[in-house]
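For reference, the structure is listed below as structure tokens.
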Amino acid sequence: MNGPHLSEVLRSLGTGTLTVWHVPEADGAKLSNVVIHDSAVGFTAGPGDVLLAVSMTGVERIEELLEQAASHGVAAVVIRHDSAVRQRLTAVARRAGVALLALAAHVDWAELTSRLRTALSTFGAPLERGAGELPEHDLVGFANALSDVIGGSVMIFSPQQDVLAASRLGPQDDRMRRQAVLEQHGPLRYRERLRSKGIYRRLWRYDEVVDVPPVPELGAGRRLAIAIRAGEEILGSIWVAERGEPLPDHAASTLLLATAPARRLLLRLRAQSQSQRYAEGVGRQLLAGEIDGATAGGWLDVDPNRPCAVLSCAFVEPPASTADAAERRLADLIATQLSAYRRPALPVPWRGRTDVLLCELEDTDPEPLLRTARNLVSRASYALQQPLLGALGAVVPTLGEVKRSRSEADLVLRAMRYRGHPDEPRVAALPEVRATADLLVLSDLIASRPELRDGPVRRLLEYDRKHGTRFAVSLAAYLDAFGDVIKAARAVNVHPNTLRYRLRRLGEISGLNLDDPDERLVAAIQLRTAPLDENTASSAHLGAPG
């Protein structure tokens, strides 16, 4: 049996479709077909099948079905049932040795059937040759090969008219073709003209080659186009443009034959994309501590008992594009950069940044990882033309402890943003920002304990806010200067006598005793961690932790 494993199919479906209630240990079975159970017909599923228990809700009947499925070698049974019976049915599935999956309430059976059959037909299946033995290594290679056979410029579009692949540009390509390659989607004016002529209506309705007449005023020559379909679903379209001379007589028939390999390529591309999104979903659950390391390791195909770490990558400034698009672009770019990395790694976009899971590390020494991180962030920043920050968390011994590494990376990233010095490294681990990180931890502790916020500094801050004075800034400068009045006065741009007056006055206002070293220490910490408004904030040190 040459079908895919159950784990591959589940990855291709993505999160939110099927919930795994039970999978037998060391499950090496491969899937062969999707069968809908019909009690009126009898049991028809066999070895390797995925059995859909449509409309079956009785717990006893499902238990019988699981036993029957196991006796016939069925790989998995899909049900839709309340999670209240999960434990009972899981016990039966475990005893029978069959995988049990639960369908989400928002997914209908028809959709699941279609997606499962698509996955079974594309996942891991060898690509065949067709359309004159055109090579199908990837979409770009396919577009170039088709261009060579037909003699025109080839572009493959998504249903939304985004460019998925294009053959090589040549000196005779027309203006609209060049613009599409440059902008990576069909030019709007040209699309509107084609829509008004009914071209898209014909393209999406019929399984035939559409002859698209030239539009000279927009600099567009003649084209041939055909939709790429998988059943009733439209996957995209192929467009062939004339370049300098008419297309040959066989162009339309060759283009018609080319839809079969194009369909297989697009289905595989979609399956790979869905698999990547599923892996990212598992990664998010792992980083949040919602699944254990052994389970995540199985889905991500990594050894859960090897060292791992988290590298958090974030924009220094919020990107001009939408947050989701920026996250996706950063994650995709990092994924490309990681292709040269010799260890398993998974970029996970979430929470406004991309966390990179670095798995199966050789040892716990952070230095090699820091070098890798600096190179990765530098290359990504250059490609995006935007500055990035990289925060490396601790190397932890197992995948199940990766949440601790992520938490440390969070703290390092906060510390880097809090310091905000443009000349400092853009990639750091905890030792490089230890003092600032400790300060932030103290700030969090103080924020969570109201009694720690009371005292002289709070009274001083409230007085400044009420009267528009700057006693807190003067006190911070004095403490930073180790009691050097002249240096402190220079820092706040006042005369030393003015600063001496302020120090006496702030003691009267707040009750702070500057002769007591313990009070000085507590005041310094509270000033560093207190959120201050503009009237009391020192440009050098005071401010809210980021």
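The values are calculated or read from the model by the stated rules, or taken from the named source; none is laboratory data. Source: prediction; values computed, not measured. So basically every Cβ, Gly included, is an ideal-geometry build from the backbone, and we count neighbours across all protein chains shown.
At-a-glance table
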{"item": "Filtered residue count, the stretch 429-464, keeping only those that are in contact (Cβ under 8 Å) with a residue 24 or more places away in the chain, more than 43 Å from the chain's Cα centre (by Cα) and on the phi < 0 side of the Ramachandran plot", "result": "6"}
{"item": "Residue among Gly244, Gly221, Gly198, Gly236 that alone is over 16 Å from Ala166 (Cα atoms), of a type in the set (Gly, Ala, Ser) and touching a residue at least 60 places away in the same chain (Cβ under 8 Å)", "result": "Gly244"}
{"item": "Residues of the stretch 472-495 that turn out to be in a helix (DSSP H, G or I) and free of Cβ contacts under 8 Å to residues at least 60 places away in the same chain, as a count", "result": "11"}
{"item": "Residue among Gly297, Gly283, Gly289, Gly244 that is under 25 Å from Asp363 (Cα atoms) and in a loop (DSSP other than H, G, I, E, B)", "result": "Gly289"}
{"item": "Output for the stretch 157-175, where each listed residue is of a type outside the set (D, E, K, R) and touching a residue at least 60 places away in the same chain (Cβ under 8 Å)", "result": "Phe157, Ser158, Pro159, Leu164, Gly170, Gln172"}
{"item": "Leading residue by the ranking (modelled with the highest pLDDT) among those in the stretch 89-110 that are surrounded by fewer than 16 Cβ atoms within 10 Å (Cβ to Cβ) and of a type in the set (D, E, K, R)", "result": "Arg95"}
{"item": "Residue among Ile486, Ile509 that alone is touching a Pro at 6+ places or on another chain (Cβ under 8 Å) and assigned by TED's automatic domain parsing to the domain that holds Pro456", "result": "Ile486"}
{"item": "Residue tally, condition touching a residue at least 12 places away in the same chain (Cβ under 8 Å), surrounded by fewer than 17 Cβ atoms within 10 Å (Cβ to Cβ) and not hydroxyl-bearing (Ser, Thr, Tyr), over the stretch 363-373", "result": "2"}
{"item": "All positions within the stretch 515-532 that are without any contact (Cβ under 8 Å) to a residue 12 or more places away in the chain and within 30 Å of Ala437 (Cβ to Cβ)", "result": "Asp516, Pro517, Asp518, Leu521"}
{"item": "The stretch 397-421 residues that are under 18 Å from Cys308 (Cα atoms) and assigned to a helix (DSSP H, G or I), paired with ones that are modelled with pLDDT under 95 and polar (S, T, N, Q) (beta carbon under 6 Å, 6 or more apart)", "result": "Ala409/Ser312"}
{"item": "Condition broken by Ala75, with the remaining ones in (1) surrounded by fewer than 17 Cβ atoms within 10 Å (Cβ to Cβ); (2) touching a residue at least 60 places away in the same chain (Cβ under 8 Å) satisfied", "result": "(1)"}
{"item": "Residue match in the stretch 368-375 (condition: within 18 Å of Gly289 (Cβ to Cβ) and in the same structural domain as Trp299 (by TED's automatic domain parsing))", "result": "no"}
{"item": "Filter result for Leu376 (surrounded by 14 or more Cβ atoms within 10 Å (Cβ to Cβ), in a helix (DSSP H, G or I), in contact (Cβ under 8 Å) with a residue 60 or more places away in the chain and not aromatic (Phe, Trp, Tyr))", "result": "yes"}
